[in-house]
Amino acid sequence: MQQITATQLRTKSKDLFEALERGKSVDLIKKSKIIGEIRPKKEEKYKIFNAKRFMKNAKAMNLPKLTNKEMEKNYREHMMKKYGKYLP
């Protein structure tokens, strides 16, 4: 494990970046005491979206089927309740 002082953060930042890219951890030292550790960030694994499974679950939920006209009507009613009759 490498060590770097608070002053060297300004002058040797390139070395710090190279160490982090290699996957090494670096101790941060201030006044001869280790005050922290700088570690490289772990790569996050992304979940793959499965459209077939999503559609299967959506059908299993048996959600109500609304047309665009019905959705517009519900939206207008909600806006009228919220803002009154002066809705544009």
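Taking GluC sites (Glu not before Pro) in DSSP loop conformation with at most 11 other Cβ atoms inside 10 Å as exposed sites, the chain has its longest uninterrupted site-free stretch at 45-88.
Label positions at F54 and F17, each projected 7 Å from the Cα along the C-beta direction, are separated by 3.7 nm. If you fit an axis through the alpha-carbon atoms of helix 51-61 and take the longest principal axis of the Cα set of the chain, what angle between them do you get, 0 to 90°, nearest 10? Computed tilt is about 50 degrees.
Within 10 Å of each candidate Cβ there may be at most 10 other Cβ atoms; applying that plus a DSSP loop requirement, which chymotrypsin sites (Phe, Trp or Tyr not before Pro) in the range 58-88 survive? Intermediate results must be reported in sequence, preceding the final value.
Values: sites: Y75, Y83, Y86; in loops: Y86.
For chymotrypsin sites (Phe, Trp or Tyr not before Pro) across the range 58-88 that sit outside H, G, I, E and B with at most 10 neighbouring Cβ atoms in 10 Å, the list reads Y86.
Relative to the longest principal axis of the Cα atoms of the chain, the long axis of helix 68-83 makes an angle of roughly 80 degrees.
We did not get these values from a lab; they are worked out from the coordinates using the rules stated. Note that the coordinates shown come from a computational prediction; the quantities given were computed from them, not determined experimentally. Cβ: placed from backbone, ideal geometry, glycine included. Neighbour counts: every protein chain shown.
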